[in-house]
C-alpha cells in the first residue's frame, strides 16, 4: 500500500490516506473523494513543486504516477480528471474489509423510492428524488417500444401521467428504468423476508447499488468506515459487481435490520 498525505479544501492539516499502487488511477480518485467529500467527477489533483494538475489517461495505474510514501497531493474542486474505468464503464474500488453497512432513512412522502435511488445514484443527494421521478416519466414516454401496454398494464402516456403525480408510489418498473438510465445494477432487498429483486444484471454493468423496502417504504443502504456512523460524507453507495461478498454482507445486514421491525 502507498501512504499519502492529502490536503483537502477547508482543512489546513493534511489527512493520511492509503491506496494500492497496483490499482487503476481511478481507485485513487475514489479514495480522495472519501477523505475530501468532493464529488469524484469534480476532483482536481495537484502534485509536485510547484503543485501542478495531474494529467493522466484511462490506462494509468497508481504506480505510474511515480508517487512515493508520504508524498503530499492536493485536492481541489474543479473540472474532474476521470470518472470511467479502463474499459469505459463506471469503476469503483473494492470495499474496505472493516467497513460497515448502514441504513439511510428516506422521507415517507410517497416518493421514498426516488429519494433512495437519488442517494445511491446522485452522489448521496437528499434533494434529487423529484428529478429521478421526472426522469422515469420521460423514459416511459420516450421508450414505448420497451415500456408498452403489456409491460405497464395501461397505455404508456396514461402510466406516465399517473407516475408524474407526487402521491404515486414507484416500484419495480421505476427501478428497472433507473438501472437502465444509470447503467447500474440495483438490488432491492426486502426487510421483512430478506429476498432480493435484481435489476440490470443482464446488461454487463460494472457497479451495483442497494435499496431496501418493506411493503410500504423504501430506504437505501451504504457502507461507512465507522459503525453506525451518522456522517454521510464517507458513505460508499456504489459497489464493484465483482465483490460478491458485498451482496452477502448486505443480506446479513438486512436480516438484522428486519428484526428491528418485527
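Summary table below
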item	result
Convex hull projection area averaged over all views, region 2-77, Cα basis, nm²	4.5 nm²
Cα long-axis angle, helix 25-36 against the chain (0 to 90 degrees, to the nearest 10)	80 degrees
Over the chain: helical MRE at 222 nm, DSSP H runs n ≥ 4 each giving -39500 (n - 2.57), nearest 500	-8500 deg cm²/dmol
Fraction of antiparallel bridges per DSSP, region 98-249 only, in percent to nearest 5	70 percent
Interatomic Cα distance distribution for the chain, bins of 10 angstrom, percent	7, 28, 32, 21, 10, 2, 0
Extension gain from residue 13 to residue 77, taking 0.36 nm per residue of separation minus the Cα-Cα distance	21.3 nm
Shape parameters for region 137-236, alpha-carbon atoms, Rg then Dmax in Å	15.6, 47
Angle in degrees between helix 172-182 and the longest Cα principal axis of the chain, rounded to the nearest 10	30 degrees
Gain in span if fully extended, residue 127 to residue 197, counting 0.36 nm per residue against the direct Cα distance	22.7 nm
In degrees, nearest ten, helix 129-142 long axis to first principal axis of the chain (Cα)	60 degrees
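Coordinate-derived values only; no laboratory data. The model shown is predicted, which means the values in this text are computed figures rather than measured ones.
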